[in-house]
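Notes to accompany the following structure.
The values are calculated or read from the model by the stated rules, or taken from the named source; none is laboratory data. The structure presented is a predicted model; accordingly, all values stated were derived computationally and were not measured. We place every Cβ from the backbone using ideal geometry, glycine too, and count neighbours over all the protein chains shown. Heavy atoms of the whole protein, side chains included, go into the accessibility calculation; ligands, DNA and RNA do not. Shrake-Rupley method; radii C 1.70, N 1.55, O 1.52, S 1.80 Å.
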Amino acid sequence: MRILAVSDVVVPQLYSSLLKSWLGPVDLVISCGDLPAYYLDFLLSQLNVPLLHVLGNHCFVPHDITTNRCSPDEYPGAQNLDGKVEICKGLILAGLEGSPLYNMGPHQYTEQRVAWKLLRLSLALALEKMQTGRYLDVMVSHSPPRGIHDNSDIAHRGFESLLSFIDRFRPPLLLHGHTHRYDPTLPTRSRYGETEIINVFGHALLTLTRERGAGPWRLEDCRE
């Protein structure tokens, strides 16, 4: 399984007619947020594979002033993962949008609100475990967990609740964006328990494998 993960900035090499020849075969596209709809639409149309995403705190499309959410029509063809569990090509995926609350903008959350969203998601994952024998293969979030790839300012501080969520469900892979790579010496991959956590700012090309076609997925390769 080859996954193209993208987040935060438009990568010129991807937004190009040479996309397919540069990437090779791809089975799935995952967006961790803060990308314009035209870019995701281009990837979707060129690669012709499923695209799943969460929204970031710098959403590029208009919001409903009552619900503070984007219309699903703003990202046609893309599946919004926020607060949901989806199975795609044998992978169990779930998502969490947004960033910490810092200026009352769209898709910003207090720690308490995120804890509540993850609690509701936990109920869906418990049902998934009963049906498939697995909780979760890939967690997709915009912001990172607290203390992993995050920054000290409130807007880019990770969510504490994501750590306890990982402790409980132990997904093999967590993908996030939000933290820009201004310092190339900072890590973009970290191991937390059994979970590989990757900051896909820009893009990352991931290869996942599983034993005997039915066991747990594991990350075999990551190319940035």
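Just checking, how many residues over the stretch 93-105 are surrounded by fewer than 21 Cβ atoms within 10 Å (Cβ to Cβ) and part of a strand (DSSP E or B)?
Selection size over the stretch 93-105: 0.
What is the one condition in (1) in a strand (DSSP E or B); (2) at pLDDT 95 or above; (3) among the charged types (D, E, K, R); (4) open to solvent by 30 Å² or more (accessible area, probe 1.4 Å) that Glu196 does not satisfy?
Evaluating Glu196 over (1) in a strand (DSSP E or B); (2) at pLDDT 95 or above; (3) among the charged types (D, E, K, R); (4) open to solvent by 30 Å² or more (accessible area, probe 1.4 Å) leaves (4) as the failure.
Please verify whether the stretch 18-33 includes one or more residues that are closer than 18 Å to Ser141 by Cα and open to solvent by 50 Å² or more (accessible area, probe 1.4 Å).
No.
Just give me the residues in the stretch 5-57 being assigned to a strand (DSSP E or B) and either of a type outside the set (A, V, I, L, M, F, W, C) or touching a residue at least 40 places away in the same chain (Cβ under 8 Å) (or both), in sequence order.
Those that are assigned to a strand (DSSP E or B) and either of a type outside the set (A, V, I, L, M, F, W, C) or touching a residue at least 40 places away in the same chain (Cβ under 8 Å) (or both): Ala5, Val6, Ser7, Leu28, Ile30, Ser31, Leu52, His53.
Collect the residues in the stretch 206-220 that are surrounded by 13 or more Cβ atoms within 10 Å (Cβ to Cβ), farther than 19 Å from Thr179 by Cβ and of a type outside the set (Val, Ile, Thr), keeping them in residue-number order.
Leu208, Arg210, Pro216, Trp217, Arg218, Leu219, listed by residue number.
Ala78 versus (1) farther than 25 Å from Leu173 by Cα; (2) touching a helix residue (DSSP H, G or I) at 6+ places or on another chain (Cβ under 9 Å): which is the lone unmet condition?
Unmet for Ala78, out of (1) farther than 25 Å from Leu173 by Cα; (2) touching a helix residue (DSSP H, G or I) at 6+ places or on another chain (Cβ under 9 Å): (1).
Please count how many residues of the stretch 58-81 are under 17 Å from His107 (Cα atoms) and in a loop (DSSP other than H, G, I, E, B).
14
Pull up the stretch 115-167, narrow it to residues that are of a type in the set (Val, Ile, Thr) and over 25 Å from Asp183 (Cβ atoms), then point me to the one that is modelled with the lowest pLDDT.
Per the criteria, the residue is Thr132.
Give the residues of the stretch 152-182 that are of a type in the set (S, T, N, Q) and open to solvent by 60 Å² or more (accessible area, probe 1.4 Å), sorted by residue number.
Going through the stretch 152-182, the residues of a type in the set (S, T, N, Q) turn out to be 152, 161, 164, 179.
Those that are of a type in the set (S, T, N, Q) and open to solvent by 60 Å² or more (accessible area, probe 1.4 Å): Ser152, Ser164.
So, in the stretch 8-57, of the ones that are hydroxyl-bearing (Ser, Thr, Tyr) and under 13 Å from Ala78 (Cβ atoms), which residue ends up farthest from the chain's Cα centre (by Cα)?
Looking at the filtered set, the residue picked out is Ser45.
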